[in-house]
Amino acid sequence: MPVFDFNSTADEKNVAVCTYTTFSSNEGQPSADKPLLLLDNQSREWKHHSCGMFTNPVKRTSFEFQEEDGVVSADILRIDSRFVSLLRWLGENHIKVRLSGENHADGYAVYKIREMGAGAGTKLSAEDGFLQFMIDRLLASEAPDETELDEEGIEDGDDMKLTSIQSITDFITCAGRTLPDNIQLWARRNLAVAKSSEVSPEERRHAQRALSIMMNVQWKSNYFASIDPVEARKILDEELYGLERVKQRIMETIIQINRTHTLPAYGLLICGPAGTGKSQIAYAVARILKLPWTTLDMSSINDPEQLTGSSRIYSNAKPGIIMEAFAMAGESNLVFIINELDKAASGKGNGNPADVLLTLLDNLGFTDNYMECMIPTTGVYPIATANDKSQISAPILSRFAVIELPDYTPEEKKIIFSKFALPKVLKRIGLKEDECIITEDGLQAVVELHRNTSGIRDIEQAAEHLAANALYRIEVDKVANVVFDATEVRRVLE
């Protein structure tokens with residue numbers, strides 16, 4: 001988007017001259033071919049590493065190179081729209097930086113900016129590495145709406161956390177339009193409270209804490225990158241035996257994401273008897289989506305305030321579990337694994353916790369009482385598990401695509417025990433396959449002993465018990481291996 005240029009008399013009137021145009025980019029790894037900005041190199045070519053300071057918006061929107069023959073200025077020609085506010089902040093506060101770039105025919109292409117140290121009047125954030133943190137955060141952000149740009153009057157930056165008022169202030173200034181509009185407005189209001197001498201220390205403390213939580217979350221757009229279907233199927237086959245209909249339904253969801261580049265409007269509800277691997281499926285989907293995940297155990301939540309947080313009028317107020325999940329993940333795109341959704345049907349006098357989930361499931365935004373702000377939830381993908389679908393209210397059930405898990409057949413249990421459960425246990429405790437041998441009739445005995453149990457949890461525990469018994473006999477009785485036939489299996493497990 002072109003940014004207008006002032007006329008030649010602007011300098012005489014002490015009006016800042018804007019020399020650049022902006023361009024939209026969502027590039028996460030800038031390079032000389034995809035730079036952060038371009039500087040004029042018509043008068044001379046600049047060094048690969050060059051030091052100096054930005055002067056915008058004090059004089060012209062330019063960079064003052066510190067050369068051997070003195071300070072030489074070069075106009076800024078183009079800027080990645082995400083970095084307009086940051087460059088303005090650097091210029092206003094006279095922060096000395098080192099640029100890394102290459103000379104091209106159309107200008108000096110800058111792809112890296114590092115802080116060099118304080119200059120006169122420098123106003124740096126308290127924490128070291130703020131500039132790198134800010135650049136990393138902006139590179140992970142989406143390009144802002146360029147129609148609104150004119151309205152804005154250490155190597156690992158991700159390790160830093162915004163906690164001080166100064167660092168939060170600088171972050172809000174530099175982030176500019178890369179923050180969602182409602183969060184940007186909320187942040188400025190809370191910053192005013194945190195700095196005010198007209199409110200109580202308790203109010204200032206709550207405002208600063210809320211700001212620190214909110215600003216340390218990377219608020220992303222709802223765009224979702226494509227997922228490799230082959231890799232997705234491989235993960236499902238690694239985690240789950242059989243269940244072809246379940247895998248097919250998950251793969252259909254993956255293909256839908258690849259077509260629309262957004263998460264589906266409905267989450268997944270996985271229903272089935274205990275021990276059938278519902279949680280394992282949920283974790284597999286989170287792994288396929290390559291998103292951080294958090295778990296909500298609805299059987300232990302009996303008060304809606306646990307989810308929504310408490311009001312700041314209380315001295316011990318704090319955010320709810322949902323907001324804390326965003327804070328722990330450090331980003332707004334994540335998987336919520338809601339365990340035992342069928343246990344969320346009733347609260348204990350203060351309302352129904354299940355009702356709180358409706359706003360989260362609708363992806364219209366979630367309001368936390370402590371944060372006092374609508375949290376964008378378009379990047380949230382809910383995956384719920386339940387034993388009994390009939391115990392879930394109709395409004396909540398309508399927000400999910402339901403996948404029903406059948407119980408495993410005896411033959412499937414045999415294969416799961418011999419090909420998955422037992423090898424996994426042997427590897428974990430350091431036994432070789434030929435040290436713990438299960439005969440065919442021994443395998444049949446394992447399945448018969450658990451014929452009246454649902455799921456595979458019991459046969460996994462049987463594998464654990466038999467492997468532990470084999471290890472004990474090898475270490476204590478000094479035998480080379482242990483063979484479990486039907487008689488031995490019953491002796492150990494019954």
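The values are calculated or read from the model by the stated rules, or taken from the named source; none is laboratory data. Since the structure is predicted, the reported quantities are computational estimates derived from the model, not experimental observations. Positions of Cβ are backbone-derived with ideal geometry, glycine not excepted, and every protein chain shown enters the neighbour counts.
Return yes or no: is ALA394 among the small types (Gly, Ala, Ser), at pLDDT 85 or above and closer than 19 Å to LEU296 by Cβ?
On the way: among the small types (Gly, Ala, Ser): yes; at pLDDT 85 or above: yes; closer than 19 Å to LEU296 by Cβ: no.
No.
Report yes if some residue within region 343-360 is in contact with a Cys (Cβ under 8 Å, 6 or more places away or on another chain) and either surrounded by fewer than 19 Cβ atoms within 10 Å (Cβ to Cβ) or not assigned by TED's automatic domain parsing to the domain that holds LYS290 (or both); otherwise report no. Before the answer, list the steps.
Initial filter on region 343-360 (in contact with a Cys (Cβ under 8 Å, 6 or more places away or on another chain)): none.
No, that holds for no residue.
Do we find that LYS234 is at pLDDT 85 or above, more than 30 Å from ARG137 (Cβ to Cβ), exposed (fewer than 13 other Cβ atoms within 10 Å of the Cβ) and not assigned by TED's automatic domain parsing to the domain that holds LEU162 in this structure? So LYS234 passes the test. Listed conditions (1) modelled with pLDDT of 75 or more; (2) in the same structural domain as ASP80 (by TED's automatic domain parsing); (3) surrounded by 16 or more Cβ atoms within 10 Å (Cβ to Cβ) are all met by ALA194, apart from (2). Give the number of residues within region 386-429 that are in a helix (DSSP H, G or I) and of a type in the set (A, V, I, L, M). The total comes to 10. The residues of region 86-120 that are assigned to a helix (DSSP H, G or I) and either of a type in the set (A, V, I, L, M) or crowded, with 23+ Cβ neighbours inside 10 Å (or both), listed by number, are LEU86, LEU87, LEU90. Considering only residues in region 326-385 that are assigned to a strand (DSSP E or B) and among the acidic types (Asp, Glu), the one that is modelled with the lowest pLDDT turns out to be GLU331.
The single condition among (1) among the basic types (Lys, Arg); (2) over 22 Å from GLU460 (Cβ atoms); (3) buried (at least 16 other Cβ atoms within 10 Å of the Cβ) that LYS278 does not meet is (2). Taking every residue in region 270-284 that is assigned by TED's automatic domain parsing to the domain that holds LEU236 and pairing it with any residue that is among the acidic types (Asp, Glu), at least 6 positions away or on another chain, the pairs with Cβ-Cβ distances below 6 Å are CYS271/GLU404; PRO273/ASP407; GLN280/GLU239; ALA284/GLU239. Inside region 448-494, residues that are β-branched (Val, Ile, Thr), at pLDDT 85 or above and either outside any helix (DSSP H, G or I) or under 42 Å from the mean Cα position of the chain (by Cα) (or both) make up a count of 3.
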